1. Any idea which residue in the stretch 134-169 is least open to solvent (accessible area, probe 1.4 Å), counting only those that are without any contact (Cβ under 8 Å) to a residue 24 or more places away in the chain and closer than 21 Å to Ala47 by Cα?
2. Inspect the stretch 116-126 for any residue being hydrophobic (A, V, I, L, M, F, W, C) and surrounded by fewer than 16 Cβ atoms within 10 Å (Cβ to Cβ) and give the result as yes or no.
3. Hey, any hits in the stretch 55-63 for a residue that's under 18 Å from Val20 (Cα atoms) and in contact with a strand residue (DSSP E or B) (Cβ under 9 Å, 6 or more places away or on another chain)?
4. Which one of the conditions (1) open to solvent by 20 Å² or more (accessible area, probe 1.4 Å); (2) among the hydrophobic types (A, V, I, L, M, F, W, C); (3) under 30 Å from Leu148 (Cβ atoms) does Val91 fail to meet, given that it meets all the rest?
5. Which members of the stretch 70-96 meet the condition of being hydrophobic (A, V, I, L, M, F, W, C) and either touching an Asp or Glu at 6+ places or on another chain (Cβ under 7 Å) or part of a loop (DSSP other than H, G, I, E, B) (or both)?
6. Confirm whether Ala58 is out of contact with any His (no Cβ under 9 Å at 6 or more places or on another chain), more than 23 Å from Ala127 (Cβ to Cβ) and open to solvent by less than 10 Å² (accessible area, probe 1.4 Å).
7. Applying the selection to the stretch 97-119, what residues are part of a loop (DSSP other than H, G, I, E, B) and free of Cβ contacts under 8 Å to residues at least 24 places away in the same chain?
Amino acid sequence: MPYPIDRSRQIIYCDRDIEVRPLDVREARALYDAVDHSRQAIGKWEAWCTPTYGLLDAQLFLQRSIEHWQGHAAYDFNVIDRSTGLVIGAVAINQVSQLNQMANLGYWVREGYTGRGIAAVAARAAAAFAFGKTGLTRLEIVAQADNLRSQRVAEKTGATMECLARNRLVFHGQPRDARVFSLVPADLDRPVPAHG
């Protein structure tokens, strides 16, 4: 059984450049702007990021995110640029299986902020939250076989690549092979490079 977690403005990571915190329904416009600014890059790998993704989609996502949080079904976080207040990415713990104490770990970063190690830092923060607050003992990062950037992030988090899984994901109705990485609590004891 997961622990009760107060999600009210809980910051799970903060340094001089970024903070990682739970989503807020008031941030729909900021989230939409981040997705819209990065639509082509995100949409190449994420089926939810379509050419028609709009502000209403961001609002509905935020509402569902809070409901999922309350039901211990998913934990979504925004990554915020502290100097501008911009949403510059997101990280999520989702597809939670309480039976097997595992979940999926996903992330994306706004165009113009990639290549700085932000995704790896945010992913490790979310993993620490998951292992420390929810009772999960395994996280999986599943990246399409050709998504080398996401795979590099997984490696930087300290995750172990376990396999190339055939037809592991469905993307726009088509099965795709994917590399499956795992994180367990002991992996967070290893340091990772700082972002910047």
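1. Filtering first and then ranking leaves Ala165.
2. no
3. yes
4. (1)
5. Correct list: Ala73, Ala74, Ile80, Leu86, Val87, Ile88, Ala90, Ala92.
6. In short, yes.
7. Once the filter is applied, which keeps residues that are part of a loop (DSSP other than H, G, I, E, B) and free of Cβ contacts under 8 Å to residues at least 24 places away in the same chain, the stretch 97-119 yields Leu99, Gly115.
The values are calculated or read from the model by the stated rules, or taken from the named source; none is laboratory data. None of these values were measured; they are calculated from a predicted model. As a convention, Cβ positions derive from the backbone with ideal geometry for all residues, glycine included, and neighbour counts pool all protein chains shown. All accessible areas refer to the heavy atoms of the entire protein, side chains included, with ligands and DNA or RNA removed. Shrake-Rupley method; radii C 1.70, N 1.55, O 1.52, S 1.80 Å.
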